[in-house]
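A short write-up of the structure that comes next.
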Amino acid sequence: MPPVLVETTTAAETTAPAIPFRERLTSGAAIVAYIALIKFAIHLYAARFYGYFGDELYFMACSRHLAWGYVDQPPLIALIVKIERLLFGDSLQSIRLFAALAGACTVLLAGWIARELGGKRFAQALAALAVLVAGVCLAMNHYISMNAFEPLAWAGCALVLIRIIKTGNQKLWLWFGLIAGVALENKYGIVFFATGVVAGLVLTQHRSMFLKPWIWLGGLIAFLIFLPNLVWNIQHHFPFFELLANIRRNGRNVPLTHLQFLGQVAMHMLPTSVPLVLAGLWFYFAHPQGKRFRVLGWASLVLLAVIMFSANGRPYYVAPVYSMLFAAGGVAMEAWFSRRGLQWLKPTYMFLLLITGAIGAPMAIPVLSPETYIRYSERLHFAPPPIETDKLGPLPQFFADMFGWEEMTVEVARIYNSLPLYVRPKTAIFGTFYGHAGAIDLFGPKYGLPPAISTHQSYFLWGPRDYTGESVIVVGARRLDLERFFNSIEPVGEVGHPYAMPNEHFTIYYCRQPKISLQQLWPTIKNWS
């Protein structure tokens, strides 16, 4: 009997054929990566212009006082800034590097979500491009703040949820809990998204997930990560809630009707992206391929409703949900535009996004000089809508708050260094706003100034140190207010950068002869607003 030949197949022969290098360079994932690199490069370029944003000065101050919590935010942003400063220094580009990187990663996740939802190259590229050109995303990733990292965390949670639905692997809830827990240490806004996800699960067939242990274990992981900040808040009597109540009382936020709120949401994402968002909602609620992911549609609508009806809700609070809506919209539009005779809509729509994004970009990030921006805004007859009730100058608040800080510090230094040598060690520099104090703390050392004190936000918790109040340089206060606390009040300097906010044009006072010691006065002048 002749031998029987058995045909064998090697592992290498059974693997899928390798994708040619040229195709990899033009794949959906590659295009998304190019868009992410473009976003990163834009932010590195824009980070050099204007100056430090007032909030950045405060976050840098918080990084010098690491704790498990702060009056107005969880602890992660201070740690991030601390790491940036240790690794790269205090320059504008240094402290804004991680914010730019977070924006680029959000673009990558938007494309990834589109792919997980069934989108091919166009859907992935469209989702990534929509994130790139959205004005609110450009603004949030321009400077270091909690807002830069929030969309990344929400997109990560959405991606994990999609994988849970697709694979049925309930253990992935542990990853959801990990991301949500870290997000809670960044900003409390993740609670809104989690509320929307819970509502979406309850309203869909996925409510059965609550019968398995993994979703609860994921929640436990999130809670344990958040626990140190919770303990801090308990110990400090939940200052964040007191802050929110004060903001409601003092009317700091511009009041908006529901229609105005939705209008600003549309402007933040770009009006040309509104059809993409509507297509995304249609995908989640009506498309056969998207119905099983309907939980994300419900999460988006619940989030919008909660923020819109919240007393302290601002339109940009909705922005972290855009990536999952852009991704779903990209999948829907890819299907529609692939029909015979409609293929021309693919490049046309992407071109419209690019054009409107380019027109709106100077409104979101400082790529123009102040003078050129003013002319540009006047030519367009448009300026970003204000979010606070403070009077505006020639620039919108976001840009105006990047001017005048070092000039103010120079003026304070002139006053401080004009004092007798024996008076200076006992002279406090008091800033009524954390931006004033933060500027003194950042720029002051090279001008011979000591660290500032303030009662605004977390500066209040850091106290007056050893100062008695016998000699105080006060920055940003009205004389009428100071007369309650001092017998001697002398105007000694003027501050007012032409591009700064009007309320940053003020007189600096030198105060002596306190009516009550600063140590006794401190608990009564807390400023959480």
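The values are calculated or read from the model by the stated rules, or taken from the named source; none is laboratory data. Bear in mind the structure is a predicted one, so any value in this text is a computation, not a measurement. Glycine gets a Cβ as well: all are built from the backbone with ideal geometry, and neighbour counts include every protein chain shown. Ligands, DNA and RNA are stripped out before the accessible areas are found, and what is left, the full protein with its side chains, is counted by its heavy atoms. Shrake-Rupley method; radii C 1.70, N 1.55, O 1.52, S 1.80 Å.
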Top-ranked residue of the range 336-355 - restricted to ones that are under 28 Å from the mean Cα position of the chain (by Cα) and over 20 Å from ALA41 (Cβ atoms), ranked as surrounded by the most Cβ atoms within 10 Å (Cβ to Cβ): TYR349
Can you spot a residue in the range 111-132 that is of a type in the set (Val, Ile, Thr), open to solvent by 10 Å² or more (accessible area, probe 1.4 Å), over 19 Å from ALA41 (Cβ atoms) and part of a helix (DSSP H, G or I)? no
Yes/no for LEU301 being within 30 Å of HIS206 (Cα to Cα), aliphatic (A, V, I, L, M), open to solvent by 20 Å² or more (accessible area, probe 1.4 Å) and part of a helix (DSSP H, G or I): yes
Pairs with Cβ under 9 Å, 6+ apart, first in the range 425-438 and under 12 Å from PRO450 (Cβ atoms), second of a type in the set (Lys, Arg) and open to solvent by 10 Å² or more (accessible area, probe 1.4 Å): ALA428/ARG465
Answer yes or no as to whether ILE162 is assigned to a helix (DSSP H, G or I) and either over 20 Å from LEU325 (Cβ atoms) or out of contact with any helix residue (DSSP H, G or I) (no Cβ under 8 Å at 6 or more places or on another chain) (or both). no
Are any residues in the range 380-416 under 23 Å from the mean Cα position of the chain (by Cα), among the aliphatic types (A, V, I, L, M) and open to solvent by less than 30 Å² (accessible area, probe 1.4 Å), and if so, which ones? LEU395, ALA400, MET402
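Condition test on LEU138, is it out of contact with any Lys or Arg (no Cβ under 7 Å at 6 or more places or on another chain), assigned to a helix (DSSP H, G or I) and open to solvent by less than 20 Å² (accessible area, probe 1.4 Å)?
In short, yes.
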When restricted to GLY444, GLY469, the only residue open to solvent by less than 20 Å² (accessible area, probe 1.4 Å), in a helix (DSSP H, G or I) and within 14 Å of ILE429 (Cα to Cα) is GLY444
Which residue out of MET324, MET333 is surrounded by 15 or more Cβ atoms within 10 Å (Cβ to Cβ), more than 28 Å from the chain's Cα centre (by Cα), at pLDDT 95 or above and not in a loop (DSSP other than H, G, I, E, B)? MET333
Any idea which residue in the range 305-314 is least open to solvent (accessible area, probe 1.4 Å), counting only those that are under 16 Å from TYR188 (Cα atoms) and of a type outside the set (Gly, Ala, Ser)? ILE307
Report the residue count in the range 126-171 for those that are farther than 30 Å from MET402 by Cα and in contact (Cβ under 8 Å) with a residue 24 or more places away in the chain. 14
If you go through the range 67-98, how many residues are more than 14 Å from the chain's Cα centre (by Cα) and open to solvent by 30 Å² or more (accessible area, probe 1.4 Å)? 12
Which of the residues that make up the range 45-58 are open to solvent by less than 10 Å² (accessible area, probe 1.4 Å) and of a type in the set (Phe, Trp, Tyr)? TYR58
Cβ-Cβ below 6 Å, separation at least six or inter-chain, first residue in the range 450-466 and closer than 16 Å to GLU242 by Cα and modelled with pLDDT of 95 or more, second assigned to a helix (DSSP H, G or I) and not acidic (Asp, Glu): which pairs? HIS456/TYR434; GLN457/TYR434; TYR459/TYR434; TYR459/ALA437
Hand me the list of helices (runs of 4 or more DSSP H) wholly inside the range 166-270 holding 3 or more residues that are closer than 30 Å to GLN289 by Cα and open to solvent by less than 80 Å² (accessible area, probe 1.4 Å). 173-184, 190-202, 213-235, 258-269
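Tally time: how many residues in the range 447-466 are in a helix (DSSP H, G or I) and surrounded by fewer than 17 Cβ atoms within 10 Å (Cβ to Cβ)?
2
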Quick check on the range 20-27. Is at least one of its residues part of a helix (DSSP H, G or I), open to solvent by less than 70 Å² (accessible area, probe 1.4 Å) and either modelled with pLDDT of 95 or more or of a type in the set (A, V, I, L, M) (or both)? no
Of the numbered conditions (1) in contact (Cβ under 8 Å) with a residue 60 or more places away in the chain; (2) surrounded by fewer than 20 Cβ atoms within 10 Å (Cβ to Cβ), GLY290 satisfies every one except a single condition; which is it? (2)
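Is it the case, given these coordinates, that PHE351 is part of a helix (DSSP H, G or I), without any contact (Cβ under 8 Å) to a residue 40 or more places away in the chain and of a type outside the set (Lys, Arg)?
yes
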In the set ALA61, ALA78, ALA102, the lone residue that is of a type in the set (Gly, Ala, Ser), part of a helix (DSSP H, G or I) and farther than 22 Å from GLU406 by Cα is ALA102
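Surrounded by fewer than 18 Cβ atoms within 10 Å (Cβ to Cβ), without any contact (Cβ under 8 Å) to a residue 60 or more places away in the chain, touching a strand residue (DSSP E or B) at 6+ places or on another chain (Cβ under 8 Å) and over 17 Å from ASN527 (Cβ atoms): does that describe SER488?
yes
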How many residues are polar (S, T, N, Q) and buried (at least 16 other Cβ atoms within 10 Å of the Cβ) if we restrict to the range 356-379? 2
Determine if the range 48-58 includes at least one residue that is under 23 Å from HIS436 (Cβ atoms), in contact with an Asp or Glu (Cβ under 6 Å, 6 or more places away or on another chain) and part of a loop (DSSP other than H, G, I, E, B). yes
Yes/no for TYR510 being in a strand (DSSP E or B), in contact with a strand residue (DSSP E or B) (Cβ under 7 Å, 6 or more places away or on another chain), at pLDDT 95 or above and more than 23 Å from PHE403 (Cα to Cα): yes
